[in-house]
Structures are given as C-alpha cells and as structure tokens.
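Working notes, beginning with the structure itself.
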Amino acid sequence: MGEATTIVHCADVHLETAFTELRGGARRRAALADAFVRVVDLALERRADALTVGGDLYEAQRAGPQTARFIFEQLARFGGPVLIAPGNHDPYSTHALYARDDRPANVRVFAEPAWSAHALAPDVTIYGFGHAPAEPGRPFAGARFDRPGTRLALVHGSDEDRCPPGKRATAPFTVAEIVASGADCALAGHYHGGATVRDEQGKARLAYPGSPEPVKFGERGAHGALVVTIDGDAVEIEHVELARTRLIDLDVSLDDAASEHAVLAVLERALQPYGRDDFLRVRLCGTIAPGTRVDRELIADRCVAGLGALELHDATVAADYAAIAREPNVRGRTVADLLELAANGDEDATGALRYTVAAFAGAELKP
Amino acid sequence: MRFHTLRVDGFGRLADRTFTFGPGLNVVVGPNEAGKTTLAAALVASLYGLQRGEKDRWRPWTGGAYATVLAYETADGARWEVHRAFERDTKGVRVYDAGGADAAARIGNGKTLSPGDAQLGISLDVFAQTAYARQRAIGLDGASAGDVSTALAHALDGGPKEDAALGALARLDDALRKHVGTERAHKNAPLRALRDECQRHRRAADDARSAVDALAALRVKIGNARADRDRDAAATVELERGVRSLRAARLAARLSALAECRDELASVHSEREAFDDVQDFAAERVTALDDAYHSWRSAESVAEAAAAALAEERLTAAESAELDERAADAGMFDDDAFDALRAAAAQADGARARAAGAAHDAAGARHDLEGGRAPAGIVLVFALVALIVDIAFAIAHEWLWSAFASVFAIGFGGAAFMRGSAHADRRKEAEAKQRTADAALSDEQRSAAVVAAVLEPLGLATLDELVRRRERYTALRARERAALKAEARGQTAQAAVGAEAERFDALADALVSDVAADRAVRRAAAQLRAARRRQRDGLDARLAMLTLRRGDILQGDDDFALQAEYDALLAEGVVPAPQDDSQLLRALERERAELDERARESEKSLATLEGALRAGEANVPDVAQLDEAVAQTQAEINALEAFERAVKLARRIIDARKEEAHRAFARRLEEYSAGVLGAISGGRYREIWVDPATLEINVRVPETGAIEVLDALSAGTRDQIALVVRFATARMFAEGLETPPVLLDDPFAYWDADRVARCLPALFHGALGAQCILFTASTVLAGAAVASGATRIELEPAAVLC
C-alpha cells in the first residue's frame, strides 16, 4: 500500500471574463485572478501530488499574453504535475494559450476530444478529455478505462441530470455513463456551483468544484476547489470554499418614502451590511409618495463607495394608480388604459404609467 | 365667481370711482367714450393683471394712483379682495380673504399671483375668448381654440388643477427630445449618440479581439519559424560534416598531385642539364640559314637553266644568214601592210566567186526566159480557140455551151496574161543578174591586179610563198630575241648566286663559326645544334607546364598551409571521403551557402517577428473591458429605448383620451347651445356642431338643409350664435371650475332692434348661471334689461375726465 495521492481540482476560473451585468468588471476580474492564486496556494499547502483543471480556466476570446504569463507563472509556481482538460471557453487550438511554447514543462494539456491516460502514480491514472473549438459530443460514449488502480476522469461538460431547465448541455454525460466507462470518479467543470454526486453507496462519482469566485448572479452552490484524496480504492472529496466576492440580488422597499432624503436613508440602511467584496443588484420597489425623487445616479454615488459595485433598478410606484384610474378625466382614463395593458403583460405599460403620472404632475421625466 | 365692487383709483379715463355689481345681469350704460370698455378692462386687469404692452394704455389720465381694488366672491362663498398697484407690475398685487389675511400663499403659484388663473382656473386668454366678449369680437378666435378646448375639457374632466393633457403631452415630448432625441436632430440626439458610441465600442472590441488573435497567430508563426530554423541548423551540421570529409579528400588529392609534380620537376631539370651547350644557340636563325642556303642553291639552278636556255636559243650561222635574207623580202612588210595585202587577195577571191555565181544565175535566167515563151503562147492559143467556140455557140444560140466556152476563154485568157507577165518579170531578172555578174568580174580583176603588183617585184608567184617566208622571218627574229633574253637572265642568275652565297656565309659564321667546311656541312651543323636547342626548349616547356600544373593544384594556396589544413582536419577526426569529388564538394558547399543564407534570413525574419510580437504584446487591449463597455452602452440603449417606447405609449393613450374628452365637451357645448339658439333665432337654427379642436361652429340652414360654417352666415346671425356659444362655454366652466363672470362690451352695437329683442332672453338665460355685465350705449336695451331685473350702473359723463 502506497501513500495516499492528493489532487487539488479546480475549474471555471474564467479569467478575463467580461462582466456585463454590473459595473466593476475590472475589480471582479482581479478577484478571479486572486482566486486562482489561492487555488495554487491550496495545492501547495496540501502538498498535492497534482493540480487538475477541469476547463474554462480563461476566456479564449479575451485572454492575451499577460493572461498566459500569469497562468504559467502560477502553474510553474506549483511545480508539480498540472493536468488541464480544456473546456468550451478555453478550447485547445493552435492559438490557445495552452499551445504556447513558453508553457511550463510541468503542465500537460489534454488537447484532443478523446480520452488520454496520464499515470499520476502506479495505482492512479487520470484520463483526460479536452475540448476543441467544435462541439465534442458525449465524452463518455464508448469510453472504456481499464488501467489498474484508481481511474479518475478529468472532463468539462454538463451533468444532464442537473442541467438547469432551458440551458443547453455542453459535452453532456450522466453518472451512469461515468460508471459504465470504468472511471471511479469524474472531476468535472462547467457548472459554477460546486457539488458532489454520490451513488447509493455514498461513493463520490462526480464532483464539480464550482468556480473559485461567482461569475454570474444567481449561481448556487459552493465556490472554491476540491481536495481529492485517493487512498487505495477510496476517493474522498473535500470542498474548500475560496470565494471572497458575493453577487447579490437585493430588493429594497421604498414604501411611503416621501422624499429623496428618505430614499437615501432606506438604501443606506439596506446596504450597510455589505462591503467591498459584494457586488449588488438592487431593485427599488414599493410605492413612494408622488413627486419623490429617486435619482439613481445620486444613490449610486452615495452608496457605492463601500461596495464592490452597485446597480440599481427603479421599480417603485409613484402613485396610487388604481385611485387615479378611477378619475373621470384624461389622466384617469389614461392610467386605466395603461393598467389594463400592464395586466396583459405589456412591459412598456409599466413605465408608461410612471411617466404619465409624472407628466400630469409636472415632474421631470427621466429614463 | 361674482364681482361685488370695483374701486378704481386710476385706470384710463376712470378715476376715484367705485362700482357695485349685483348678481345675474348688470347693465353698465353710458354714451360712447364714457369709459365702458375702460371699466371692463379694469375688471379683467384686476383679476389677471395687465398684459404686456398695456401698462401705458391704461395709465390714469389724471396722473394719480394707478390702482384698483376688486372685491369678489367665489362659488364656495368665500370673499376676496384683489388690490392692484399696476405701476409695480407683478409686485403690485395683493389678495386678501374675508378676514383681511393675505391669501397669496393659498392662491399664489410660485412667484406669480393671479386670482383669475388660480380661482377661475382658466388663463386670461381663455377668459378673453369665452367670458369676455368685445365689440365685434363675439366669435371665438380660432388661434385660441386649443387653449379654450383644453380648458373646457379640463373643466368637464373635473380633474386636478394641474395642467391637463396638453401640458402632459408637452412634457412627454420634451422628455423624448431631451433624453432620446429626434430622428432629424443633428445635435442633442442622445439615443443616436449612444448607438454610435455602442458601435464604436463594438468595433473597438472586435479590433481588440482581432489584435489578440493576431498575436496568437504571430506566436504560432514564430514557433514554426524557429522549428524551420532548427531544422535548417541540423541540416547545416550534417552538410558541414560531408563538406569537411570531401574537403579532406580534396586536400589529400591535391597534396598527392603536388608530390607527383614535384618529382617530375626534378627529373626534367636533371634532363635539361645535358643541353646546356646549346643554351645560348640562336636556333631561330637556323631557318634563315636554311633559307639562305636554299636561295643560294636555287640561284645556282636558275643560272644553270639560263645558260642552257641561251645555248638553245642562240642562232646558228646559217640561221643568221637566213634571217638576213628574210629581212630583205618578207621582213620589209609591217603587219599592217601585210594584212592589207592579204585582204586584197581575199577580196579578189571573193570577187571571183561572186562573178562565177552571177554568171551562172544569168545563164539560168536566160534559159528560163527561153523556156517560158512556149507555154505562154500555147495558153494564148487555147484562149483564142475558146473564144471562137464561144462566139460560135452564141451565134447558134447554144447559150449553155456558150457559157462554158466563155468560162474557158476567160480562164485561158487570164492564164495567158499571167504567163505573159511572168515572162516579162523573168526577162528583167535575167538582165539584172547579168549586170551583177559583170560587176563581180570587174572587182575580181581589180583585186588581182593589186596582189600582182606586190608579188611580181619579189619574184614570187603566189601569195602563199610570201606568207611562208614572212612566217620564217618572224620565227627567226623571235629566236634571236629569246637568245638575248636568255643571256641577260643568265647574268642576273649569276649575280643572285653570289649574293645568296654571301648571305649564307654571313649567317653560318654567326651560328657555326667553329665549323670550317662547305656550306652544306655548315648548314648541317647548324641544324643539329638547332635541333638540340629545340629539345632543350621542349624541356623548358615541360618545366613551365609542370609549374603551371603546380599552380593549378595550389590555386594560390601555400602547400605547407594545405598540409597543415589537412593535418588539422584529420586531427579533428574528419574521415576523408573515399574519393575526391570536387563536383559534389562544390554542390555541397553551394547547398551549405544556401542554408547559411536561409539561416541568416530566418534569423532576420525571426527577429522581426519577435519584435512585432513584443511590440504587440506591449499594447494588448483589454478585451474584457471593451466588451463590458459594449454591454453597458447597450444596456443604456435598451433603457432609453424602453423609455422611448413607454413615453410614446403614454403619449399615444393620453392623446387618444384627450381627443375623446374634447369630443365629449363639444357634444355638451352643442347641447347647451342648440336649445337657446332655436329660441333666439326665431326657430331658424336648431342644430349646431362644434369642432372640439378648433371650436369652429357649423349650423344647419333650414332653407337648404345644408350645414354651413358660421362664417358663411350673416354678421348678425354669426354674433348671435357666438353669443350663445359663449354663454354655453361659461356654463360648462361652471361644471368643473369656477363660473367666470361674463363681460359683454356692447356686443349688440350693430344689431337691429328685433335681433336685440330676441337676444335679451338669451342674456337673461345666460345670466342665470353666471354673473353677466353688459356694457351698452343703448338706453333702450338698458331699460329693457333693468325692467327684467338687471342691475343698472350709469357711467355719467361727470365720472369721465374731459
């Protein structure tokens, strides 16, 4: 019986992502890079025998020379074997960063959409499958892993059983296919929320580490890396949280706020628990007093200083539309018409209500 | 609203006067220029203030205080007082409630304080168009129709006191213009500017992506170039190994050749030593010696030949004597004379021949002549006989036979004639030939005489003898000349022999001075020496050739250097090629040179590419940031577009509802008006339509049934209907707003009595709902109104400043 083999596995770092939902993209990109440094730190700290990357390490459309230098510097810093299975965002090609001739010698990239074996230890084999620019199909279709010892599959793809509704699966597979291939466990990437899927015996069969930092709003699950320990036949998976940033959607009610000062006060209270590592999308809702100014630029200016970024969406209602709709005048009839349209799903009608009331009230109209 | 009192401190021609008004109809009566219009204007100015440009118009004539105080009551029973000091413009207005408290805060609107706007809820313009009818301006001004209809709609809406739909629409339009822009605007088109900005960001992002991709491609290219360079370097090493091996073989071959050459040189040097005795022999002069010898020998031959020829040509004694004899006879003729003589002889022969021929011809001709006579005579006889026969037949009337005889007679006659002619010709010919013969004979005789004259003195019988003798003379004379020439040649040849001998001897003395023998021997000695000298020269040539060959082998190199180079190659472990193949060596060296050149080019190209890569990597754009800029700009565009859609939707619905409201009030106005109109028009006009937007009035003309616009009717009818509409308008204001007092400044000035009479009920009817103040100069109208309960207010001339 040899010593246990330790692997640190990460995926979906998405270096050089463009963050289009919210401002503060540069800071978040820096946070992604910091997270990757922490992954390598974890690997060094745990004296890992290998560092594996399950794809989407960087965004191929945007990564340039400095991204390459950073990645290679970190991988070289690890020093041990690094195995990379490119994903759909960083597929292998002659132009890929992985193809550069200054790639560190300890890095092996699974460059083809076909399984290749890498003997990490006499009794531990990692089979890797890499994405090329074209869609690779089902990675585990027809796969057979038969080397002695523990067999781990390193791949970037969608667990069909967990695919979110309406989302297109990329390189799909099922846990059954993993088992049928002979792999003991698949170390995967693609889903940004980390999770481990176990069989009835509690054996880990599929593990996603999750992205080290959240990339999009609404991502659920762990964000960090996996420490995989192979001891004989046993494969243990430990999730290690590494994320420091949070992406938060927050509804703030401005009910009865009668002045701009009140609006600011409510927001400051609501945002007080958050800090520089929090990136917030705040939806202002509720019914405010007519004529109450909700100046998003002023609010952002006042509140963003202590936050990573702040995006405001004003969904407040400035009047009692139902009451106005009962007025026997042009304004009332107009509001009634718009309420009916809004009830039928016309999204423009909601904004039209606000602007109608403001226009009749003589208030300034702003987008 | 109902006016109670108006105190005029000073307003136009009015000064220090207080007017009290009752509810319902009031009649202000006074003559022209009494101040009726001034009073009406003072009431309006008290409510609304003076319009721009009117301040000087209504300045008090007295020069005193320019002020009024209007006390009025609103529909809710509240009492108010408006104090106006017109000199101070908007600062000169105070409004007090019944308790004397300043009501500015309650009815003011920001900086302005206008009881008319605030409490009537309609602007001055709308008031003037509806509640205030001036002389000859009873009809509504179309330009103000929009404001009036809006105010009416507002009144009917019963809505808030804020601006109605028009104001809202204007704000929506302003917001669109300000935040979105219009399609035609070149400046201040925010949405278009955002779209342009988004486009720029997108292009920048695409360019950045292309730049990053280009850098990646450049890296691949550099990698390939390096691989090519390394491959070429390996090929160069391999090639160099081959080149050195072949070079070693080449050196070995050269060194071997040099050794051979060296040995051969030594051998030739040794052989040449045996010919040192002829080292200085001028072999090139032996040819001249030979020439001289041959010349001498030739000259001798020539001299011998000349002597032989002389012996042959010299005349014997007998021939000399013969020559003398021939000189005396045949020699006396020169060539010309002799030729003439021969010509004469030939001529005589010719003449003789001609004479013989001519005589023969003449004989022949005579013979023919004789022979021809008989045949001609015979033919003539036949002709005569035929003629006689012809005559006989003719006499016998045998015409056919006569014809035949005629033919024969004619034929024979013709033949006889022809023969006769021929005979004559022959005679002539014979005579000519005889003449010719005679001439020829004469010529012969002449020529013969000439020849005879020459031959006879010489005692020769024939010319042939003379010819023979002349030929002999010529031959002897030729021999004599030939002998003389031969003698001369002989002498010359002898001289030449002597000269050539001298020449030879001189040359031989120079070449073989040590040989004393005859010329042949001396010559032979010289030739031998020349031959030896040639041998020596041949050895020298071999030496030169060997030296050249050595030079070719060395090719400018030093043989020690070659050896050293070869030894160095061997010391480096180079294995010489099996054989020297200079062609292959050159080919390999060429190939290596090409590889070297390619390597240099590769290095240069690689340096350029790497430089480009460094430069490119130093300026890599931040693609993610650019993509975010695109997304953010697009989000702003989406927000603005949503804003635009929402505002346009709001606008569309407000506009539709406004139109709907206007249409509604128009119907109400029509309803109001129709009832009263029928009454005051004596039943003529019962149907009326009002355009809600323009307030244009149309009525149905009963006579024709057609609907006519108001302007098409008579002035009086027009005013009548307009008055009714004004009252209807005032009533409508009462529904949602404060009812304004109606001021009618002598509207009936140009009406006839009948029309006025019919209008009075309308006035009273209208005044039921609104206080009405009628200004008139008509005492009759005033009396009728007062009789119906109206309040009379006199404008006495005493109240007027003269």
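This table checks each residue for (1) at pLDDT below 75; (2) of a type in the set (Phe, Trp, Tyr); (3) in contact with an Asp or Glu (Cβ under 8 Å, 6 or more places away or on another chain).
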{"site": "B:GLY158", "(1), (2), (3)": "yes, no, yes"}
{"site": "B:ALA168", "(1), (2), (3)": "no, no, no"}
{"site": "B:LYS187", "(1), (2), (3)": "yes, no, no"}
{"site": "B:ASP213", "(1), (2), (3)": "no, no, no"}
{"site": "B:LEU218", "(1), (2), (3)": "no, no, no"}
{"site": "B:ILE222", "(1), (2), (3)": "no, no, yes"}
**Message:** Could you tell me how many of the residues in the stretch A:96-125 are under 26 Å from the mean Cα position of the chain (by Cα), touching a residue at least 24 places away in the same chain (Cβ under 8 Å) and within 13 Å of chain B (Cβ to nearest Cβ)?
**Reply:** 2
**Message:** Can you tell me which condition A:SER93 does not meet? The list is (1) among the hydroxyl-bearing types (Ser, Thr, Tyr); (2) farther than 16 Å from A:VAL40 by Cβ; (3) in contact with an Asp or Glu (Cβ under 8 Å, 6 or more places away or on another chain), and all the others hold.
**Reply:** (3)
**Prompt:** Taking into account only those residues within the stretch A:216-236 that are surrounded by 19 or more Cβ atoms within 10 Å (Cβ to Cβ) and β-branched (Val, Ile, Thr), which is nearest to the chain's Cα centre (by Cα)?
**Reply:** A:VAL227
**Item:** Index of the failed condition, A:HIS239 passing every other in (1) part of a loop (DSSP other than H, G, I, E, B); (2) within 26 Å of A:ASP278 (Cα to Cα)
**Value:** (1)
**Request:** Would you point out the residue of the stretch A:331-347, among those that are more than 8 Å from chain B (Cβ to nearest Cβ), in contact with a helix residue (DSSP H, G or I) (Cβ under 7 Å, 6 or more places away or on another chain) and small (Gly, Ala, Ser), that is nearest to A:GLY362 (Cα to Cα)?
**Result:** A:ALA336
**Item:** Selection status of A:ALA43, facing chain B (nearest Cβ under 9 Å), touching a helix residue (DSSP H, G or I) at 6+ places or on another chain (Cβ under 9 Å) and within 18 Å of A:ILE84 (Cα to Cα)
**Value:** no
**Message:** Taking the criterion of being within 12 Å of another protein chain (Cβ to nearest Cβ) and crowded, with 20+ Cβ neighbours inside 10 Å, would at least one residue in the stretch A:277-295 satisfy it?
**Reply:** no
**Message:** For the stretch A:72-95, give me the residue count where each residue is surrounded by 21 or more Cβ atoms within 10 Å (Cβ to Cβ), without any contact (Cβ under 8 Å) to a residue 60 or more places away in the chain and within 14 Å of chain B (Cβ to nearest Cβ).
**Reply:** 3
**Request:** Could you tell me whether B:ALA674 is touching a residue at least 40 places away in the same chain (Cβ under 8 Å) and out of contact with any Ser or Thr (no Cβ under 7 Å at 6 or more places or on another chain)?
**Result:** no
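Within the stretch A:41-52, is even one residue in contact with a strand residue (DSSP E or B) (Cβ under 8 Å, 6 or more places away or on another chain), at positive phi and in a loop (DSSP other than H, G, I, E, B)? Break it down stepwise before answering.
Start the filter on the stretch A:41-52 by keeping residues that are in contact with a strand residue (DSSP E or B) (Cβ under 8 Å, 6 or more places away or on another chain), which leaves A:42-43, A:46-52.
When the remaining residues are screened for being at positive phi, the result is A:47.
Now restrict to residues that are in a loop (DSSP other than H, G, I, E, B): A:47.
Checked against the condition, which is being in contact with a strand residue (DSSP E or B) (Cβ under 8 Å, 6 or more places away or on another chain), at positive phi and in a loop (DSSP other than H, G, I, E, B), the stretch A:41-52 yields at least one hit.
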**Message:** Six or more apart or on different chains, Cβ atoms under 7 Å: show the pairs whose first residue is in the stretch B:301-330 and more than 28 Å from B:ALA501 (Cα to Cα) and touching a residue at least 24 places away in the same chain (Cβ under 8 Å) and whose second is surrounded by 12 or more Cβ atoms within 10 Å (Cβ to Cβ) and of a type in the set (Gly, Ala, Ser).
**Reply:** B:GLU313/B:ALA482; B:GLU313/B:ALA483; B:GLU313/B:ALA486; B:ARG314/B:ALA483; B:LEU315/B:ALA483
**Prompt:** Going through the stretch B:75-90 one residue at a time, which ones are in contact with a strand residue (DSSP E or B) (Cβ under 7 Å, 6 or more places away or on another chain) and touching a residue at least 24 places away in the same chain (Cβ under 8 Å)?
**Reply:** B:ARG79, B:TRP80, B:VAL82, B:ARG84, B:PHE86, B:THR90
**Request:** Could you grab me the full set of residues in the stretch B:611-663 that are within 8 Å of chain A (Cβ to nearest Cβ), over 45 Å from the mean Cα position of the chain (by Cα) and acidic (Asp, Glu)?
**Result:** B:GLU628, B:GLU660
**Request:** Scan the stretch A:18-59 residue by residue and report those that are among the hydroxyl-bearing types (Ser, Thr, Tyr) and at pLDDT 95 or above.
**Result:** A:THR52, A:TYR58
**Fill in**
Flagged in the stretch B:185-216 as farther than 19 Å from B:GLN632 by Cβ and either within 11 Å of chain A (Cβ to nearest Cβ) or of a type outside the set (D, E, K, R) (or both), in numbering order, are B:ALA185, B:HIS186, B:ASN188, B:ALA189, B:SER210, B:ALA211, B:VAL212, B:ASP213, B:ALA214, B:LEU215, B:ALA216
**Request:** Give B:ILE653, B:ILE637 a once-over and let me know the one that is in contact (Cβ under 8 Å) with a residue 12 or more places away in the chain and under 29 Å from B:GLU183 (Cβ atoms).
**Result:** B:ILE637
**Message:** Could you tell me how many of the residues in the stretch B:411-461 are of a type outside the set (A, V, I, L, M) and more than 20 Å from B:LEU341 (Cα to Cα)?
**Reply:** 20
**Fill in**
Sole miss for B:ASP206 among (1) free of Cβ contacts under 8 Å to residues at least 60 places away in the same chain; (2) within 18 Å of B:GLU644 (Cβ to Cβ); (3) acidic (Asp, Glu) is condition (2)
**Item:** Selected residue [hydroxyl-bearing (Ser, Thr, Tyr) and out of contact with any helix residue (DSSP H, G or I) (no Cβ under 6 Å at 6 or more places or on another chain)] from B:THR62, B:THR68
**Value:** B:THR62
**Request:** Inspect the stretch A:143-161 for any residue being assigned to a loop (DSSP other than H, G, I, E, B) and touching a His at 6+ places or on another chain (Cβ under 7 Å) and give the result as yes or no.
**Result:** yes
**Message:** Looking at the structure I just gave you, is A:LEU353 within 10 Å of chain B (Cβ to nearest Cβ), in a helix (DSSP H, G or I) and hydrophobic (A, V, I, L, M, F, W, C)?
**Reply:** yes
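A quick yes/no check of all residues on (1) over 18 Å from A:LEU22 (Cα atoms); (2) at pLDDT 90 or above; (3) more than 39 Å from the chain's Cα centre (by Cα):
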{"position": "A:GLU297", "(1), (2), (3)": "no, no, no"}
{"position": "A:ASP301", "(1), (2), (3)": "no, no, no"}
{"position": "A:ALA318", "(1), (2), (3)": "yes, no, no"}
{"position": "A:GLU340", "(1), (2), (3)": "yes, yes, no"}
{"position": "A:ALA358", "(1), (2), (3)": "yes, no, yes"}
{"position": "A:ALA363", "(1), (2), (3)": "yes, no, yes"}
**Prompt:** Say we look at the stretch A:1-34 and pick out the residues that are within 18 Å of A:LEU226 (Cα to Cα), part of a helix (DSSP H, G or I) and not charged (D, E, K, R); which of these is farthest from the chain's Cα centre (by Cα)?
**Reply:** A:ALA33
**Fill in**
B:SER245 passes all but one of the listed conditions (1) free of Cβ contacts under 8 Å to residues at least 12 places away in the same chain; (2) out of contact with any His (no Cβ under 6 Å at 6 or more places or on another chain); the exception is number (1)
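Restricting attention to the stretch A:312-330, which residues are assigned to a helix (DSSP H, G or I) and within 7 Å of another protein chain (Cβ to nearest Cβ)? First the steps, then the outcome.
From the stretch A:312-330, those assigned to a helix (DSSP H, G or I) are A:321-325, A:330; that's our starting set.
A:VAL330 - this is the single residue of the stretch A:312-330 that is assigned to a helix (DSSP H, G or I) and within 7 Å of another protein chain (Cβ to nearest Cβ).
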**Prompt:** Across the stretch B:579-604, which residue is nearest to B:VAL220 (Cα to Cα) among those that are surrounded by fewer than 16 Cβ atoms within 10 Å (Cβ to Cβ) and of a type in the set (Gly, Ala, Ser)?
**Reply:** B:ALA593
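The values are calculated or read from the model by the stated rules, or taken from the named source; none is laboratory data. Because the structure is a prediction, the values reported are computed rather than measured. All Cβ positions, glycine included, derive from the backbone under ideal geometry; neighbour counts span all protein chains shown.
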